Amino acid sequence: MRFIFPQNYNFKSKLFGVIDYSTIFLNIFWDLLIFIFINFFNNLNIKIFLFFIFCFPLFLFSISGFNGESIVYVIKYIFNFLLKQKLLFFQKN
């Protein structure tokens, strides 16, 4: 059986068809940073609470995404906007 894909089809490789690999690396990096930070606390309840508070929202955004866009690109777009804010006014003639 042969499948014909159109030329404008954008194939993205994903883990289990849900999360992009670049997003997985971002999540792992963020989780490791938070894990290193919370090791300074002694209480296990505080560690678990802080880990879920800081890591779970990013994980949810990674799975749900922003209209099919990877969270890595969304963060990139936000930083580009913050660095290069421009207000453009167009005048109709």
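A single member of Asn39, Asn8 is more than 18 Å from Tyr73 (Cα to Cα), open to solvent by 60 Å² or more (accessible area, probe 1.4 Å), at pLDDT below 90 and of a type in the set (S, T, N, Q), and it is Asn8. Assess whether Phe59 counts as being part of a loop (DSSP other than H, G, I, E, B) and either at pLDDT 85 or above or surrounded by 10 or more Cβ atoms within 10 Å (Cβ to Cβ) (or both). So Phe59 does not fit the description; no. Looking only at the range 18-30, count how many residues are among the aliphatic types (A, V, I, L, M), surrounded by 11 or more Cβ atoms within 10 Å (Cβ to Cβ) and part of a helix (DSSP H, G or I). The number of residues fulfilling the criteria is 2. Of the candidates Leu50, Leu33, the single residue that is without any contact (Cβ under 8 Å) to a residue 24 or more places away in the chain, assigned to a helix (DSSP H, G or I), within 18 Å of the chain's Cα centre (by Cα) and over 16 Å from Val74 (Cα atoms) is Leu33. Hey, does the range 73-89 have a residue that's in contact with a strand residue (DSSP E or B) (Cβ under 6 Å, 6 or more places away or on another chain), within 20 Å of Lys14 (Cα to Cα), not in a helix (DSSP H, G or I) and not basic (Lys, Arg)? For the range 73-89, residues in contact with a strand residue (DSSP E or B) (Cβ under 6 Å, 6 or more places away or on another chain), within 20 Å of Lys14 (Cα to Cα), not in a helix (DSSP H, G or I) and not basic (Lys, Arg): absent.
The values are calculated or read from the model by the stated rules, or taken from the named source; none is laboratory data. Quick caveat: nothing in here was measured; it's all calculated off a predicted structure. As a convention, Cβ positions derive from the backbone with ideal geometry for all residues, glycine included, and neighbour counts pool all protein chains shown. For the accessible areas, the whole protein counts, side chains as well, though only heavy atoms, and no ligand, DNA or RNA atoms are used. Shrake-Rupley method; radii C 1.70, N 1.55, O 1.52, S 1.80 Å.
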